[in-house]
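Just so you know, all these numbers are worked out from the coordinates, no wet-lab data involved. This structure is a prediction, so every number in the text was calculated from the model and none was measured. We place every Cβ from the backbone using ideal geometry, glycine too, and count neighbours over all the protein chains shown.
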Amino acid sequence: MATSVAVAGSSSASDSKPSGVAQASVISQYIAASAELHPPRSVRRGVRVSNALARWRCAFDTTPDKLSEEERAKLHARSMTVEDVDAFVSHSWASSGRRKWIALSLEETGAVPMAAAVATSIAAILIQRTWGLPGDIWTTWAPDDDDEHYSRLVFSPLAFLSGLLATFIAGALCLGVCKRVYFIDGMCIDQCDSEKKLLGIRSIGGFLSISSQFVALWDEQYFTRLWCVYELAVYRALNPRRPVLFLPLRFRASVTVGYLMVLLSATGVAVWPSSCALFYGDDLSALASSPYPYVTLFAFWVAIFACSLMTVVLGANLELQRSLLQRQLESFDASQAGCSSQADRAEILAAIAGIYEGGLDAFTEMVRSSEFKRQVIELLSTRRLVCGHFTFLMSPMVSLMAFVICMFGHQSALTQIITLIALVAWLVAGFPFLSALLLERGSGVVRSLGITSDSTRFPRLLSKASAGRRTLEGDLDHDLGLAWAACRSASEAILCMLVSIATIVFAMDPGWFGLNAVACVLIALCSHLPLVAGAFCMLVRGAAPGRAERRSRETQPVSILTRV
């Protein structure tokens with residue numbers, strides 16, 4: 001929970017409350033019984049997701065003490081009296097409010113935008129093939145002026161835009177109608193009434209006991225704040241079988257940047273053929289004799305290189321986050337966590353010691369234990385990251401698939417089958433596999449050079465963190481390693497895409513290339529099989545735990561769910 005809330009509550013009643021030791025005893029006794037007691041009804045409040053995420057700045061970015069009394073009253077008015085809470089949101093005010101908003105928004109929307117994009121794209125394809133869509137651009141492709149071998153293509157920008165619009169609308173509606181209830185300290189604790197504020201702070205144990213889930217908005221600040229440590233300790237003691245969900249803030253913010261790059265790339269791919277049809281008229285044959293295809297191919301390589309570089313850098317930063325989190329857990333000491341108020345510090349430490357048999361040392365050993373560390377570190381595994389964000393990242397590609405299917409929708413059945421094979425292979429296997437491969441290559445650069453970072457601002461572009469501890473040569477080697485990994489990956493991605501395009505071109509007129517339909521299908525399947533095999537080995541087979549590991553997990557009494 002936020003330090004500012006606790007400090008404000010403590011300072012507002014510093015003249016009337018008893019000593020830290022006496023109050024610590026009272027709090028410890030209350031927490032011990034809070035598993036069976038609800039908070040007083042006067043302060044038992046929660047906030048719906050739609051209200052919590054309506055404006056990120058007031059809810060997460062600005063501490064209540066820095067708001068005016070009117071703003072604090074409006075913030076509290078968004079909450080309501082509840083009987084129980086779906087999720088207790090634990091966060092540090094030192095973390096970015098924008099990143100907290102992004103992390104919770106992505107968690108709540110889930111796969112709904114992807115489902116909306118798929119449904120809308122299918123409807124757009126059916127309508128385009130039956131009646132056509134406004135803005136359709138028809139054109140002809142006749143290679144070498146051969147009138148006997150030509151193809152009619154249709155570019156439908158509306159088929160592409162409809163899927164994108166459905167994605168954004170579905171995401172907004174999902175957040176707007178979600179009935180899940182959060183407990184967020186700055187909104188659910190009355191910041192205007194000092195008595196209710198102090199009572200709400202003392203009822204944190206009760207709020208934790210009635211929460212079905214614990215959501216930790218994690219970054220490098222989280223385990224350094226005593227209130228966050230206190231909330232985690234109390235929740236695990238009161239609800240040992242309820243899930244704990246860690247959301248890494250920095251990675252989720254980076255995923256949003258990745259989504260924008262995928263969106264721009266997909267838009268560029270859709271705009272290019274449409275612009276060709278507009279510039280060169282109904283006959284695209286003149287396009288082959290112009291320099292436009294070569295310039296476009298180079299620009300396309302640059303765009304793929306930029307996406308690859310961003311993903312490789314993200315993998316390098318991800319490795320730094322993993323190493324930082326592991327060091328935080330291995331060196332964790334509850335008595336060293338920071339707290340602005342010494343009185344609050346004594347109360348919190350006494351409360352933690354009172355609910356764990358063995359005191360603070362027992363809780364410290366629990367956090368340092370290999371089982372807890374394994375489950376927490378697993379939230380930053382490459383497989384989990386790719387699988388967890390795949391539906392969000394790939395939603396623009398669904399719209400692009402609709403555009404391509406409409407483009408070849410009036411070709412032969414063979415062309416449509418091979419186009420569908422290529423698109424499904426890339427959506428289901430190709431893009432996830434390349435994303436995981438790029439992340440691993442970025443992590444490998446960091447591991448091979450032995451780079452570590454103790455900085456609180458380590459996720460900078462090209463990983464410039466901890467520059468004072470590394471030589472200029474080390475920086476240069478690191479940046480060159482990332483650039484080379486991105487260049488290599490971009491070239492590989494372009495090559496794979498060209499192979500897919502070639503199989504579709506073969507299918508448009510197999511006789512002209514000396515092929516039959518069976519040969520075209522076999523070529524399409526074999527050319528995309530490496531993508532499917534790579535995705536299976538990295539993302540599916542690598543996710544299956546062994547028998548001994550499954551047995552050890554089944555015997556664990558505590559359920560910690562890590563979702564990224």
Listed highest first by mean packing, meaning other Cβ atoms within 10 Å per residue, what order do 485-498, 312-325 come in?
312-325, 485-498
Distance in nm between pseudo-label sites at ALA306 and LEU165 (7 Å out along the Cβ direction from Cα)
2.6 nm
Find the Cα radius of gyration of the stretch 149-239, compare it with 2.2 N^0.38 Å by division, and give the number to two decimals.
1.90
I'd like the distance separating the alpha-carbon centroids of the stretch 55-94 and the stretch 484-530, in whole Å.
54 Å
Subtract the Cα-Cα distance of ARG241 and CYS526 from 0.36 nm times their separation in residues, and report this length gain in nm to one decimal.
97.9 nm
What nm distance separates the two modelled labels at ARG180 and LEU264, each placed 7 Å from Cα along Cα→Cβ?
3.1 nm
Peptide ranges 357-368, 240-251, 511-522 listed from the most packed, as the mean C-beta count within 10 angstrom indicates
240-251, 357-368, 511-522
Sorted by average packing, counted as other Cβ atoms within 10 angstrom per residue and highest first, what order do 419-432, 262-275 take?
419-432, 262-275
